[in-house]
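Down below is the structure, laid out as structure tokens.
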Amino acid sequence: MYSKLRKTVFILFIITTLPILSQSKDHCVSGDCQNGKGVLVDADGNKLIGSFLNGKLEGFAEVEFKDGAKFSGIYKNGERNGKGKLVDSDGKVEFEGEWIASGVCITGDCRSGNGTLKRFIPNSDVTCEFSGPFLSGKINGKGKFICSNQETYEGNLKESKPHGFGIQSFPNGTKYEGEFKEFEFDGKGKLTWNTGANESYTECTFQGMFKQSQKSGKGSYSCNNGEKFEGLYAKDEPNGKGKLIYSDGSKYEGEFKDGLPHGNGTMYDSEGVISKTGIFKNGYKYFNIPTFDFINKTWAKPEKWLGGSLEKSQVFFIQYLSEPDFSGIEVTDGSPDFFDPHLEKTYVEAKVNGFLGTIILCIDKKQESEMDKFLTKPMVLIEFDGRIVGYNKVESGIKREFIVNVETIRRMGHAVLSSKAN
């Protein structure tokens, strides 16, 4: 189901590990870390010792990386530019010599020509090689990078960052092909990812719009297990109207919120027959108890609401008078323990839309006196939001029961019936 696949797992490794300071989380330990000499611990836990200009290292500096590696040398505009030495956490010299834009030129001209620049990613064993037309140590135009962890990119770059059309592949098998904006997925694109292994292996492809590396606007995805979605996205999740086809052929059409059915919608089974319709919340079909006249045993609409309110968590038991139809019911794991409530509870019956049978409202004995004043009125109205969380099957002849977790009881009170009520 979509709830298991809606999170696309991929790591923008380069964008999160290039030595670019996160000014909002950096901490100046001593001195002047804006325009002067100081000691700064950046957001990644690296310790920077040296001179700063506009919050970036400038001139000679020493950096102690979080993983124990160390660099000493010349910086310009926050990047290693000039002579310097990088020593790994074991004391081995990774490179000593001339640095360009925090990298080492291994072939060609990496200042103002075609070449290949090798970068050492801080706090990791990963290195990346950037190839293309350089200007002042940065690629502007068509180029590519290949990293030792199998991450790759080929396409347009601006200041050595993906910008424009390109194709990026990640170590976990995720692949993005489309438009970039300063290293972010931004614009039209196609994202392919996979989950599981062997028999449970599933591959999915999303096509649509992206904004800051998140799915946004119109989009659709399909998986090789038959699951499909088409609709609106926001914050990387289906939000708004959409249509979801599950791998078993069942279907949901309606409103979504944060990747789950939420709002008005309809669920169809694999044969196209409606199994649930109405209000969904967080992926589950919710339902209301309609008004019920306990004296005349009829359903009616209240003319005037006179009751109070009750806001607390309760547990309801839907008791079926006949064999329930399981095809339209979702029962989650981890249902609460069930015990016979008959000695401790009193019951109020009301019909539940969409279910065959009755619902039993279990009232604690200590609350029974409070309930009496409602039961003496012409109408008792109870509205609640809930979902099925368990199923209790008693072999001794007691009626089967579904356990419903009610998150909010919205109203409880009495109403005056109009003469035309039916």
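The values are calculated or read from the model by the stated rules, or taken from the named source; none is laboratory data. Note that the structure is predicted; figures quoted are calculated from it, not measured. A quick note on method: Cβ atoms are made from the backbone with ideal geometry, for glycine too, and the neighbour counts reach across all protein chains shown.
Kindly check whether there is at least one residue in region 89-99 that is β-branched (Val, Ile, Thr), buried (at least 16 other Cβ atoms within 10 Å of the Cβ) and at negative phi.
No, that holds for no residue.
Of all residues in region 104-142, count the ones that are touching a residue at least 24 places away in the same chain (Cβ under 8 Å) and outside any strand (DSSP E or B).
Summing the residues that are touching a residue at least 24 places away in the same chain (Cβ under 8 Å) and outside any strand (DSSP E or B) in region 104-142 gives 11.
Buried (at least 20 other Cβ atoms within 10 Å of the Cβ), touching a strand residue (DSSP E or B) at 6+ places or on another chain (Cβ under 8 Å) and at pLDDT below 95: does that describe Gly265?
On the way: buried (at least 20 other Cβ atoms within 10 Å of the Cβ): yes; touching a strand residue (DSSP E or B) at 6+ places or on another chain (Cβ under 8 Å): yes; at pLDDT below 95: yes.
Here the answer is yes, as Gly265 does meet what is asked.
If you check Ile167, Ile146, which single one turns out to be β-branched (Val, Ile, Thr) and under 30 Å from Leu48 (Cα atoms)?
Selected residue: Ile146, the only one of Ile167, Ile146 that is β-branched (Val, Ile, Thr) and under 30 Å from Leu48 (Cα atoms).
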